[in-house]
Amino acid sequence: MYTINGNYLQLQGSYLFSDIAKKVAAYQEKNPGAKVIRLGIGDVTQPLAPAIVEALQRAVEQMGTAEGFHGYGPEQGYDFLREAIVEHDYRARGLSVAADEIFVSDGAKCDVGNIQEIFGADNRVAVCDPVYPVYVDTNVMAGRSGRFVQDAGGFERLIYMPCTEENGFAPSLPETAPDLIYLCFPNNPTGAVIPKDALQRWVDYANEKGAVILYDAAYEAYISEDNVPHSIYECSGARTCAIEIHSFSKNAGFTGLRLGYTVVPKDLAQNGLRLHSLWGRRQGTKYNGAPYIVQRAGEAVYSTEGKKQLKKQVGYYMENARLIREGLRDMGYCAYGGVNAPYIWLKTPDHMSSWAFFDLLLQRAQVVGTPGCGFGKSGEGYFRLTAFGTQENTREALARIRRL
């Protein structure tokens with residue numbers, strides 16, 4: 001008789017955004033004529049930039065010829081894209097990352113979820129609270145939940161680092177030394193950032209404790225303030241303790257195309273074993289690489305025209321963020337984020353629970369956001385709104401909330 005992976009029984013009943021979708025569907029079934037404005041999930045709404053569309057069209061035409069057809073590509077990504085990434089995301093900033101340290105994938109979510117496979121099941125994992133649910137769920141699936149016994153002492157496999165209003169939504173160094181540390185800046189869901197000197201303290205801590213930082217930089221294109229690092233490799237010593245994960249979804253609108261990349265420095269090793277080699281082995285076994293036409297579209301992100309067009313697109317979403325943040329504050333809400341990130345993190349009014357506020361907005365304003373408690377215990381009493389809607393819908397949502 002077959003058995004199941006019992007770790008799945010430790011998960012929440014369903015993924016956060018599935019619960020939200022079910023609630024919205026039930027509301028629309030009862031109110032078929034209602035126009036619901038969705039500012040919950042972080043999905044983009046602006047069409048692909050012209051430079052990207054042109055690159056896709058050229059690549060499709062190539063695929064229709066014998067000379068230009070591409071089948072299986074290199075699992076690590078085509079050289080043309082990896083070289084563009086190194087040149088524009090790292091070398092232009094004076095950072096030392098080699099093209100063969102880049103692993104192109106079909107999105108940051110997959111890499112964030114899969115990277116833990118190269119680590120042992122007994123590793124202790126530190127995550128922020130509130131946190132992007134994928135960090136926690138994938139480690140629970142791998143068996144890193146609850147307690148284990150070592151030298152008659154009980155240790156938590158999952159270490160939650162509270163990110164609250166009191167500490168500026170930035171975690172403190174944990175007292176219990178973890179083996180893996182997930183950091184995301186600009187942060188999802190709070191929109192918070194930390195200055196370079198604070199990130200340097202994390203790098204120094206990780207090197208001291210022999211830990212690995214899994215650094216999610218999916219929103220770095222939205223950074224607008226000085227002294228906020230775009231990459232963890234701006235910090236001294238990061239190459240010996242940090243893996244960095246990037247996405248094309250939010251900076252280039254690739255949520256429907258799917259493209260991302262992960263940097264695994266060759267300096268990162270444990271007992272002579274390079275994590276670079278382990279991740280390469282994992283990818284070679286389980287992954288056939290992102291599609292050629294999508295990687296050509298990714299290359300266009302770094303073209304002169306592509307950069308101009310995407311800067312304008314990012315500016316469009318950040319104007320939405322400004323409207324939401326300032327609009328909510330004018331109404332008397334306590335709102336954070338929206339300066340270096342496309343998310344606004346607001347405190348629910350009158351000590352309402354996160355789900356009660358969700359229901360209020362849905363039922364009375366037909367506006368959908370994300371309950372903060374879905375991101376962890378410290379998210380209770382907070383609510384996330386995204387700036388990825390259209391400006392028309394963003395303004396209308398604010399008007400509806402104001403009428404409450």
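Inter-label distance, D359 to E67: 6.6 nm, where each label sits 7 Å from its Cα along the C-beta direction. Could you tell me whether the stretch 237-317 comes out rounded, prolate or oblate from its Cα gyration tensor? Rule is a ≥ b ≥ c as square roots of the eigenvalues, rounded for a/c under 1.5, then prolate if a/b exceeds b/c, otherwise oblate. Prolate, because a/c is 1.5 or more and a/b exceeds b/c. Roughly how many whole Å is it from the C-alpha centroid of the stretch 371-388 to that of the stretch 90-141? Going from one Cα centre to the other spans 22 Å.
Computed over protein heavy atoms with a 1.4 Å probe, the accessible surface of the stretch 175-240 works out to 34 Å² per residue.
In the chain, the calculated helix contribution to ellipticity at 222 nm averages -10500 deg cm²/dmol per residue, counting -39,500 (n - 2.57) for every DSSP H run with n ≥ 4. Is the stretch 178-284 best put as rounded, prolate or oblate by its Cα gyration tensor, with a ≥ b ≥ c the root eigenvalues, rounded for a/c under 1.5, and otherwise prolate when a/b is larger than b/c, oblate when not? Cα axes put the stretch 178-284 in the oblate bin. DSSP beta bridges fully contained in the stretch 152-270 are about 30 percent antiparallel. Using the Karplus relation 6.51 cos²θ - 1.76 cosθ + 1.60 with θ = phi - 60°, the per-residue 3J(HN,Hα) values for the stretch 43-49 come to 9, 6, 10, 7, x, 4, 5 Hz, with x marking Gly and Pro. Per the Debye calculation on the chain with a single equal scatterer at every Cα and no solvent contribution, log₁₀ I(q)/I(0) for q = 0.12 Å⁻¹ amounts to -1.02.
Past 25 Å, Cα to Cα, is the threshold; run K22/K377; K109/K286; K22/K311; K286/K308; K250/K307; K109/K377 against it and keep the listed order. Distance filter (> 25 Å) returns K22/K311; K286/K308.
In a fully extended conformation the segment linking V53 and K286 would gain 81.0 nm over its present Cα-Cα distance, using 0.36 nm per residue. For the stretch 1-87, the solvent-accessible area of protein heavy atoms averages 67 Å² per residue (probe radius 1.4 Å; ligands and nucleic acids excluded).
Note on K209: lysines with a C-alpha under 23 Å away, same-chain residues under 8 apart excluded, are K196, K266.
For the stretch 304-404, the solvent-accessible area works out to 43 Å² per residue, with a probe of 1.4 Å and every protein chain left in place.
Here the accessible area is traced with a 1.4 Å probe on the protein chains. For the stretch 211-336, carbon and sulfur cover 47 percent of it.
Quick check: at a probe of 1.4 Å, how many percent of the accessible area of the stretch 155-201 sits on carbon and sulfur atoms? Taking all protein chains in place, the stretch 155-201 shows 51 percent carbon and sulfur surface. Where both partners of a DSSP beta bridge lie in the chain, what percent of those bridges are antiparallel, to the nearest 5? Among the beta bridges of the chain, antiparallel pairing accounts for roughly 55 percent. In straight-distance terms, cross-link reach from K23 covers every one of the aspartates and glutamates whose alpha-carbon lies under 12 Å from its own, apart from those fewer than eight places away in the same chain; here that gives D359.
The values are calculated or read from the model by the stated rules, or taken from the named source; none is laboratory data. What you are looking at is a predicted structure, and each value in this text was computed from that prediction instead of being measured. Positions of Cβ are backbone-derived with ideal geometry, glycine not excepted, and every protein chain shown enters the neighbour counts. Heavy atoms of the whole protein, side chains included, go into the accessibility calculation; ligands, DNA and RNA do not. Shrake-Rupley method; radii C 1.70, N 1.55, O 1.52, S 1.80 Å.
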